[in-house]
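Take a look at the structure below.
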Amino acid sequence: MYYTWWLAILLIFNTTATFAQSRQNVSSDTSYSECSQAAAPAAIEKTSENKLIAGYLEKSSISICGQALPIEVDAKLDTGADSTSFHATDIVIDKKHKKVTFTTVNSNGGMQRITCPYKRIMRVKKRPSGSSQRPVIAAQIRIASQVFEAEVNLTDRTHFSYKLLIGRKELRNGLLIDPSQRYRLGKPVSP
């Protein structure tokens with residue numbers, strides 16, 4: 001644990017120093033559009049504990065209920081969130097058969113309706129309105145070459161930028177987050 005914190009501090013310090021140095025190397029006649037181009041994904045690095053170093057935003061795929069075709073989405077890796085949430089609307093919980101039916105996005109940007117068993121119902125506290133109940137389903141999440149068996153709660157994330165929020169419970173299984181980086185690992189690698 002102690003080693004991980006020092007690694008994170010060194011990584012942030014090194015990234016800040018590299019950024020400052022690169023700003024000094026940019027000539028004054030370089031246009032803004034040339035400087036703001038998105039960088040190619042960095043080489044995939046691993047720590048001595050065999051954890052991937054990821055940015056706070058990454059390309060990911062999620063397979064729900066054993067679907068053959070995973071859904072590709074941009075994910076926010078949030079160490080401040082305890083659990084993982086995925087966008088779903090029109091959620092119908094069938095407690096008698098312990099199944100949930102919901103509408104979500106597909107990889108083509110369209111919508112799809114899915115029915116699958118849920119593991120449990122979790123209660124999420126909301127400050128002004130009390131609490132809400134969310135079904136939790138089994139899913140498989142892939143970021144680069146890393147695969148996580150995850151418990152994902154379903155909620156309407158229409159007003160959020162990212163349809164998948166990956167929390168601490170899944171992140172501790174093999175990712176170290178560099179908050180100064182985005183899309184560091186590229187697209188998920190198929191098995």
Want the number for residue 112 to residue 91: 0.36 nm per residue separation, take away the alpha-carbon distance, what's left?
-> 6.3 nm
Could you name the lysines in cross-link range of residue 99, using Cα to Cα under 17 Å and dropping any fewer than eight places away on the same chain?
-> 119
Charge context of residue 161, other residues only, Cβ under 10 angstrom, K/R +1, D/E -1 | +2
Taking amide H positions as placed 1.01 Å from N in the peptide plane, with prolines and chain starts having none, which residues 5 or more places from residue 181, or on another chain, fall under 5 Å of its amide H?
-> 56
Sorted by Cβ density within 10 Å, fewest first, the residues 129, 83 = 129, 83
Shape descriptors of segment 52-178 over alpha-carbon atoms, Rg and Dmax in angstrom, are 14.1, 44
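Readers should treat all values here as calculations from the given coordinates under stated rules, not as data from a laboratory. All values reported here derive from a predicted model rather than from experimental measurement. Don't worry about glycine lacking a Cβ; one is built from the backbone with ideal geometry, like all the others, and counts go over all protein chains shown.
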